[in-house]
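**Student:** Sharing a structure here in structure tokens format.
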Amino acid sequence: MTDGETGNLEQMIKNKKTPSDSLATMTQLVLPGDTNHYMNLMGGRMMHWIDVLSAIVAHRHSNSDIVVTASVDNISFHRPIHLGDVVTLAAKVTRAFRTSMEIYIVAEAEDIKSGAKSISNTAFFTFVALDRDGKPISVPEIEPQTEEEKELYAGALRRRQMRLVLSGKMSPREADGLKEIFSKP
């Protein structure tokens, strides 16, 4: 290997990150202004918290000061969150494509009186890193470490293809990971 090739290999290795490199958490207390008339957390408030936390994760992963939400695949609401509950959100990059990053978010609600905790929400967001001119820039690759991270990484390609098919940017025939879903018997 020449010095130039060694330098390129070292740069490629440096550009890989693990999901834990981008991990970010946020804790919020559900206050009266965050709730609906049933005294449950409004879905829009949760979506706001998830978007903010996901942006922090995207900044960390891409080392870019400009990131934008490109897609919100799914936000699952598993159970209501009540006034006075403490919500802890955790998010990390599951997979990076050329310029985009899929981010997985888990929210856990805690009833302070009882101490009971449960998963209240899960979501997948996609962010893109941009340069100062608003053009997408390359982001580091992800190297999953744990079994869960490896499963999320593997599923990210199918989720990405589904996003592209649903947005009309890819035909179902081009989506290798989705052929079973879209093929006729």
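The values are calculated or read from the model by the stated rules, or taken from the named source; none is laboratory data. Since we're looking at a predicted model, the values are computed, not measured. Counting neighbours? That spans all protein chains shown, and the Cβs are built from the backbone with ideal geometry, glycine included.
**Student:** Please find, among 87, 128, 139, the residue that is buried (at least 17 other Cβ atoms within 10 Å of the Cβ), over 17 Å from the mean Cα position of the chain (by Cα) and not aromatic (Phe, Trp, Tyr).
**Tutor:** Answer to the check: 87.
**Student:** Show the residue pairs meeting these rules: Cβ distance below 7 Å; 6+ apart or different chains; first residue within the stretch 23-46 and more than 26 Å from residue 62 (Cα to Cα); second residue β-branched (Val, Ile, Thr) and not in a helix (DSSP H, G or I).
**Tutor:** Partner pairs satisfying both residue conditions: 29/86; 30/81; 30/87; 40/81; 41/30; 41/35; 41/81; 42/35.
**Student:** Looking only at the stretch 100-129, count every residue that is farther than 22 Å from residue 159 by Cα and out of contact with any Asp or Glu (no Cβ under 9 Å at 6 or more places or on another chain) and tell me the total.
**Tutor:** Summing the residues that are farther than 22 Å from residue 159 by Cα and out of contact with any Asp or Glu (no Cβ under 9 Å at 6 or more places or on another chain) in the stretch 100-129 gives 4.
**Student:** Within the stretch 26-37, identify whether any single residue is at pLDDT 95 or above, surrounded by fewer than 13 Cβ atoms within 10 Å (Cβ to Cβ) and either part of a strand (DSSP E or B) or in contact with a His (Cβ under 9 Å, 6 or more places away or on another chain) (or both), and answer yes or no.
**Tutor:** The answer is yes, given that some residue of the stretch 26-37 is at pLDDT 95 or above, surrounded by fewer than 13 Cβ atoms within 10 Å (Cβ to Cβ) and either part of a strand (DSSP E or B) or in contact with a His (Cβ under 9 Å, 6 or more places away or on another chain) (or both).
**Student:** Moving on to the next point. Could we say that residue 41 is modelled with pLDDT of 95 or more, over 14 Å from the mean Cα position of the chain (by Cα) and surrounded by 18 or more Cβ atoms within 10 Å (Cβ to Cβ) here?
**Tutor:** yes
**Student:** I need every pair where a residue in the stretch 153-181 that is among the charged types (D, E, K, R) and part of a helix (DSSP H, G or I) has its Cβ under 7 Å from the Cβ of a residue that is buried (at least 18 other Cβ atoms within 10 Å of the Cβ) and modelled with pLDDT under 80, sequence separation at least 6 or different chains.
**Tutor:** 158/178
**Student:** Is it true that some residue in the stretch 94-117 is among the aliphatic types (A, V, I, L, M) and without any contact (Cβ under 8 Å) to a residue 12 or more places away in the chain?
**Tutor:** Yes, the stretch 94-117 contains a residue that is among the aliphatic types (A, V, I, L, M) and without any contact (Cβ under 8 Å) to a residue 12 or more places away in the chain.
**Student:** Filter the stretch 59-90 down to the residues that are over 20 Å from residue 121 (Cβ atoms) and either assigned to a loop (DSSP other than H, G, I, E, B) or free of Cβ contacts under 8 Å to residues at least 24 places away in the same chain (or both) and list them by number.
**Tutor:** The answer is 59, 63, 64, 65, 66.
**Student:** Would you tally the residues in the stretch 100-134 being assigned to a loop (DSSP other than H, G, I, E, B), more than 22 Å from residue 76 (Cα to Cα) and of a type in the set (A, V, I, L, M)?
**Tutor:** 1
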